[in-house]
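Chemist: Structure incoming, see below.
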Amino acid sequence: MDQELLPGCDREVFERVWKRVMPEAREDCPFEVVEAAARPLPAVVVPAAPAEEEEETVTCLGPASAAYGPQLQQYIDQELAAHRCCQALARRVSGNGGRMLATLAAEKRRRAKRLSTAYFLISGVRYWPAERGGNQPLQPVQATLREQFQAQHRNAACYRAAAAGASDPCLVELFHESAEEAEAHAWVIRSVLEQM
């Protein structure tokens, strides 16, 4: 059977399949595999940009934002430290305040994951520091909550400054979201203190 009669059929594939179906040539078979005359295939030229040029044109969480890597690592570390602190506080505070702090700890971990994802998209490397086993000395719950309240306001200011200086629109959005969340967390901590 001639290739011209089977549009879109690859001759090599047809021959391979046909040899599996019909390993021996038989006289009653309506198909016969014959050698086709070699014809040149039309050349298709696709202009391709160099890989480096293509990567640098990614303006949203691409390699062009690699300069923000150390800053993202610092923010991930801060969010994970706040996560661990809120977890510890949640175990020490009873009732609704403890539940609020447990929720806050989960939100801190989610924020760290969002920042870590941005870092991965920029660098191609997953940054997630190992849990530190060292216990910090226990101080009164109210004093720790006060420190966390102040830390959340400082973090919000840092995120806002980072957003103002970033050229990557996705990082700008991420930093603004992080600043708003840090301020909201500060008010949750204040609410916990008010309930004590």
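Chemist: Give me the distance in nm between label points sitting 7 Å out from Cα along the Cα-to-Cβ direction at Arg110 and Glu194, one decimal.
Modeler: If labels sit at Arg110 and Glu194, their model points lie 2.2 nm apart.
Chemist: Let me ask another. Compute the FRET efficiency between Ala66 and Glu131 as 1/(1 + (r/R0)^6), taking r as their Cβ-Cβ distance and R0 = 25 Å, and round to the nearest 0.05.
Modeler: After rounding to 0.05, the efficiency reads 0.40.
Chemist: Write out the GluC sites (Glu not before Pro) in region 126-196 meeting two conditions: DSSP loop, and at most 14 other Cβ atoms within 10 Å of their Cβ.
Modeler: In loop regions of region 126-196 (DSSP not H, G, I, E or B), the sparsely surrounded GluC sites (Glu not before Pro) are Glu131.
Chemist: Given Cα positions, please report Rg to Rh for region 91-152, the hydrodynamic radius being the Kirkwood one.
Modeler: 1.06
Chemist: When only Cα pairs under 8 Å and 6 or more residues apart are kept, what is the percent relative contact order across region 69-196?
Modeler: 25 percent
Chemist: Using only the C-alpha atoms of region 52-195, find the volume of their convex hull and express it per residue in Å³.
Modeler: Dividing the Cα hull volume of region 52-195 by its residues yields 93 Å³.
Laboratory data are not the source of any read-out in this text; all were calculated from the coordinates shown. Keep in mind it's a predicted model, so treat the numbers as computed, not measured. Every residue, glycine as well, gets a Cβ built from its backbone with ideal geometry; the counts of neighbours run over all protein chains shown.
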